[in-house]
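What follows is one structure encoded as structure tokens, with my remarks underneath.
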Amino acid sequence: MHTTLKLFLTTLAAAGIASAGQAQTQKPPAPPTPLHSRPPVSYQFYSKAQLDKLMYRPGDTHSYVVTDHENYDVEYVERGLITNHIENHVHWLDYVTVLEGEGTLAIGGKPVDPDYTNPVEPHGTKMTGAKIVPLHPGDYVVVPAGVWHIFSGTANRKLRYVIFKQRE
């Protein structure tokens, strides 16, 4: 029995030495492949006054993309009354938080006059059968990719919101 135990322990010790020798000759693991082709977003800060200046452009919609990444965007938007524009983001999921004002979201209808010139973001002027959702500060909305919709202010108030767009 001593001989069997001695042989067993000798075998374990030899295996341990062999394993240790193999571990020393193995190459270190390769660094991980980056998940994105663009570098990570760095620290950003914009005051409301800065955003107001950056967002301005003529017309009923003012916006500014504060973060533009390959798989997501963050954009501040302010809209007046919109009566002649609908859109569909084929590959983008929208997470929206209303910041100020009031307005509506028309969602899920069928376009009357779709324009597929840009196939990843078709648009049109009108849709039928849309659900109309009133919007107020603090409201949160998710618009799935591929769903016709439009955010609008009212005749008396603008609608201001922040939108996080995620690539589907």
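The values are calculated or read from the model by the stated rules, or taken from the named source; none is laboratory data. Model, not experiment: these values are computed from the prediction. For neighbour counting, all protein chains shown are included, and Cβ atoms are generated from backbone atoms with ideal geometry for every residue, glycine included. Areas reflect the complete protein model, heavy atoms only, side chains present, ligands, DNA and RNA absent. Shrake-Rupley method; radii C 1.70, N 1.55, O 1.52, S 1.80 Å.
Excluding Glu75 itself, calculate the net charge of residues whose Cβ lies under 10 Å from the Cβ of Glu75, where each Lys or Arg counts +1 and each Asp or Glu counts -1.
That sum, taken over residues with Cβ under 10 Å, equals -2.
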> Hey, if you put +1 on the Cβ of every Lys and Arg and -1 on every Asp and Glu Cβ in the stretch 34-94, which of His69, Ser37, Leu54 ends up farthest toward the positive end of that dipole?
Replying inline: Leu54
>> Using only the heavy atoms of the protein chains and a 1.4 Å probe, how would Thr125, Thr61 rank by accessible area, largest first?
In response: Thr125, Thr61
> Along the three principal axes, how long is the stretch 42-155 when you take its alpha carbons, biggest first, rounded to the nearest angstrom?
Replying inline: 41, 34, 27
> For the stretch 66-154, which whole-number percentage of the solvent-accessible area (1.4 Å probe, protein heavy atoms only) is attributable to carbon and sulfur atoms?
Replying inline: 55 percent
>> Stokes-Einstein diffusion coefficient for the stretch 99-168 at 37 °C in a medium of 0.692 mPa s, Rh from the Kirkwood formula over Cα pairs: what value in µm²/s?
In response: 249 µm²/s
> Tell me, what is the 1.4 Å probe accessible area of Tyr46, in Å² to the nearest 10?
Replying inline: 80 Å²
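Once fully extended, how much extra length lies between Arg38 and Gln26, figured as 0.36 nm per residue of separation less the alpha-carbon to alpha-carbon distance?
1.1 nm
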>> Let me check against my output: what whole-number percent is the relative contact order of the stretch 23-168, with C-alpha pairs under 8 Å and at least 6 apart?
In response: 30 percent
> What distance in nm separates the simple spin-label points at Ala49 and Thr97, each placed 7 Å from Cα in the Cβ direction?
Replying inline: 2.4 nm
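For Glu70 and Asp115 in one chain, what is 0.36 nm times their gap in residues minus the Cα-Cα distance, to one decimal in nm?
Values: separation 45, 0.36 × 45 = 16.20 nm, distance 2.50 nm.
Here the segment from Glu70 to Asp115 would lengthen by 13.7 nm.
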> Can you pull the accessible area of Ile163 for me, 1.4 Å probe, Å² to the nearest 10?
Replying inline: 10 Å²
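Would you rank Trp92, Trp148 by solvent-accessible area, highest first, keeping every protein chain in place and using a 1.4 Å probe? Each step should come with its number before you reach the end.
Numbers: Trp92 45, Trp148 20 Å².
Sorted by accessible area, descending: Trp92, Trp148.
Please give the charge dipole size of the stretch 36-168, origin at the Cα centre, charges +1 on K and R Cβ atoms and -1 on D and E Cβ atoms. Round to the nearest 20 debye. Mind showing how you got there, number by number?
Values: 13 positive and 16 negative charges, 45 e Å.
Computed charge dipole of the stretch 36-168: roughly 220 debye.
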> Taking a 1.4 Å probe, which of Ser63, Ser37 shows the most accessible area, and what order do the others take after it?
Replying inline: Ser37, Ser63
> Around Trp148, with a cut-off of 15 angstrom between Cβ atoms, what is the net charge of the other residues, counting Lys and Arg +1 and Asp and Glu -1?
Replying inline: -2
